[in-house]
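Okay, so here's the structure we're looking at.
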Amino acid sequence: MFLLLPFDSLIVNLLGISLTVLFTLLLVFIIVPAIFGVSFGIRKLYMKTLLKIFAWATLRMERGAKEKNHQLYKPYTNGIIAKDPTSLEEEIKEIRRSGSSKALDNTPEFELSDIFYFCRKGMETIMDDEVTKRFSAEELESWNLLSRTNYNFQYISLRLTVLWGLGVLIRYCFLLPLRIALAFTGISLLVVGTTLVGYLPNGRFKEFLSKHVHLMCYRICVRALTAIITYHDRKNRPRNGGLCVANHTSPIDVIILASDGYYAMVGQVHGGLMGVIQRAMVKACPHVWFERSEVKDRHLVAKRLTEHVQDKSKLPILIFPEGTCINNTSVMMFKKGSFEIGATVYPVAIKYDPQFGDAFWNSSKYGMVTYLLRMMTSWAIVCSVWYLPPMTREKDEDAVQFANRVKSAIARQGGLVDLLWDGGLKREKVKDTFKEEQQKLYSKMIVGNHEDRSRS
């Protein structure tokens with residue numbers, strides 16, 4: 001037994017040296033750069049290396065698929081069904097014209113053939129629904145070594161399989177523990193730092209410390225995801241008394257933006273770890289948290305937000321008016337509430353590169369823990385952020401029109417599809433008003449033509 005003691009001592013010494021080296025590397029290459037907002041370019045070098053590996057793997061797959069006469073890629077289309085932007089009246093005219101010699105102008109009454117228009121529209125919606133497909137992961141045309149279960153990614157060669165297995169080992173055995181350690185460090189520093197800052201008297205020194213504590217901790221959390229972010233037009237960053245409005249793909253949108261700016265957060269009070277973080281943060285700066293009973297009170301929410309933005313010394317509020325996560329391909333309807341308070345709006349467009357990892361949170365399929373595990377076992381999170389020029393509500397513009405104008409600007413800048421549908425359809429049924437709108441259009445077409453004919 002005494003003979004094993006030197007060996008045990010050696011193991012303990014090696015373990016201690018390894019941990020010391022690990023924490024020294026974390027401190028020098030991650031935590032200190034996060035404090036000062038600098039980068040050594042390691043993540044960009046890592047991204048370039050991944051791109052070369054992906055390119056080699058893709059070429060190898062294409063060559064192997066060609067040798068085995070296997071279709072590698074699905075034909076890419078924007079939709080399953082080709083749709084022409086025509087009105088209900090024009091399409092029914094075309095159906096009647098092709099089915100008989102009668103035209104809509106001559107026969108304003110109902111015809112049995114009219115039901116084919118609604119049947120076709122219903123089938124098109126079932127086969128190619130432009131709403132529900134925004135709540136599923138964006139499809140990739142090539143393999144990023146993250147999954148072997150997709151339609152095209154079958155066994156090609158031993159070398160490619162070994163490469164995939166090596167990637168699994170790197171992601172789960174090296175990157176995952178490192179990222180968990182960084183996330184724990186960032187969250188712990190955020191809670192402790194904001195709590196200590198909260199005991200200081202209000203003033204410039206407290207505001208200065210609070211800002212840099214928030215930025216440092218969010219930057220550490222960004223590094224926990226190996227996030228590679230490119231910010232454009234920083235001169236347009238949100239300013240105090242304003243409203244920062246962005247499209248919403250993932251819960252990490254908050255970290256992405258807060259690592260480059262200082263914001264007041266808005267949200268519901270939570271329990272557990274999230275509640276601890278919220279209570280600590282609000283001690284250091286004026287965030288806007290609502291109790292569960294207050295969230296549905298629109299007037300109270302609007303009042304609290306208005307009071308905040310009217311004080312030009314307070315931080316810009318960060319809001320995601322879609323109200324739910326959309327899959328990085330489009331922007332859906334903005335809720336009008338945040339556009340009614342009369343604040344200057346600073347639009348921000350966020351676009352992720354799914355080639356390195358899918359940032360979209362499908363909340364109906366994955367819980368938060370599972371989602372974060374998927375994020376931390378991806379290669380990296382790569383995205384671009386555009387700060388757009390500030391926008392204000394015009395005199396002849398209501399809140400809905402203003403929201404749509406801001407949404408269109410974000411969609412155009414981010415290369416996203418601009419949709420008018422409500423993101424709430426992810427969990428709710430279609431409102432009866434949408435169905436009644438089609439009924440009204442058809443009845444107006446029939447009754448209107450009949451009245452015109454009677455007058456003549």
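The values are calculated or read from the model by the stated rules, or taken from the named source; none is laboratory data. Remember, predicted model here, so these are calculated numbers, not experimental data. We place every Cβ from the backbone using ideal geometry, glycine too, and count neighbours over all the protein chains shown. These area figures cover heavy atoms from the full protein model, side chains too; ligands, DNA and RNA do not enter into them. Shrake-Rupley method; radii C 1.70, N 1.55, O 1.52, S 1.80 Å.
For the reader, a short list of remarks on this structure follows.
- For region 409-423, residues that are surrounded by 14 or more Cβ atoms within 10 Å (Cβ to Cβ) and either assigned to a loop (DSSP other than H, G, I, E, B) or of a type in the set (Ser, Thr, Tyr) (or both) total 4.
- Number of the condition not met by Ser293 [criteria: (1) of a type outside the set (Lys, Arg); (2) open to solvent by less than 30 Å² (accessible area, probe 1.4 Å); (3) out of contact with any helix residue (DSSP H, G or I) (no Cβ under 7 Å at 6 or more places or on another chain); (4) modelled with pLDDT under 85]: (2)
- Of the residues in region 281-290, not one is of a type in the set (A, V, I, L, M, F, W, C), closer than 30 Å to Phe23 by Cβ and in contact with a Cys (Cβ under 8 Å, 6 or more places away or on another chain).
- Residue check for Ala258: open to solvent by less than 30 Å² (accessible area, probe 1.4 Å), within 17 Å of Thr344 (Cα to Cα) and touching a residue at least 40 places away in the same chain (Cβ under 8 Å): no
- With respect to (1) more than 12 Å from Leu243 (Cβ to Cβ); (2) at pLDDT 85 or above; (3) open to solvent by 10 Å² or more (accessible area, probe 1.4 Å), the lone exception for Ile319 is condition (1).
- Sole residue being out of contact with any strand residue (DSSP E or B) (no Cβ under 6 Å at 6 or more places or on another chain), under 20 Å from Ile256 (Cα atoms) and among the polar types (S, T, N, Q), chosen from Thr377, Thr344: Thr377
- Taking region 13-61 as the range and being polar (S, T, N, Q) and in contact (Cβ under 8 Å) with a residue 12 or more places away in the chain as the test, only Thr58 passes.
- With respect to the conditions (1) part of a helix (DSSP H, G or I); (2) in contact with a helix residue (DSSP H, G or I) (Cβ under 8 Å, 6 or more places away or on another chain); (3) within 30 Å of Glu397 (Cβ to Cβ), Leu300 lacks only one, and its number is (2).
- Set Tyr371, Tyr366, Tyr346: member being open to solvent by less than 40 Å² (accessible area, probe 1.4 Å), outside any helix (DSSP H, G or I) and out of contact with any helix residue (DSSP H, G or I) (no Cβ under 6 Å at 6 or more places or on another chain): Tyr346
- Among the criteria (1) under 27 Å from the mean Cα position of the chain (by Cα); (2) closer than 30 Å to Thr161 by Cβ; (3) loosely packed, with under 12 Cβ neighbours inside 10 Å; (4) modelled with pLDDT under 65, the one Gln71 does not fulfil is (1).
- If you filter region 189-206 down to residues that are of a type in the set (Gly, Ala, Ser) and modelled with pLDDT under 90, you find that the one that is farthest from Leu225 (Cα to Cα) is Gly203.
- Residue ID - most open to solvent (accessible area, probe 1.4 Å), chosen from residues in region 374-401 that are part of a strand (DSSP E or B) and among the β-branched types (Val, Ile, Thr): Val382
- Among the residues here, Arg279 does not qualify as of a type in the set (Lys, Arg), under 24 Å from the mean Cα position of the chain (by Cα) and more than 22 Å from Ile326 (Cα to Cα).
- When Lys48, Lys44, Lys66, Lys52 are checked against the criterion of being open to solvent by 70 Å² or more (accessible area, probe 1.4 Å) and over 30 Å from the mean Cα position of the chain (by Cα), Lys66 stands alone in meeting it.
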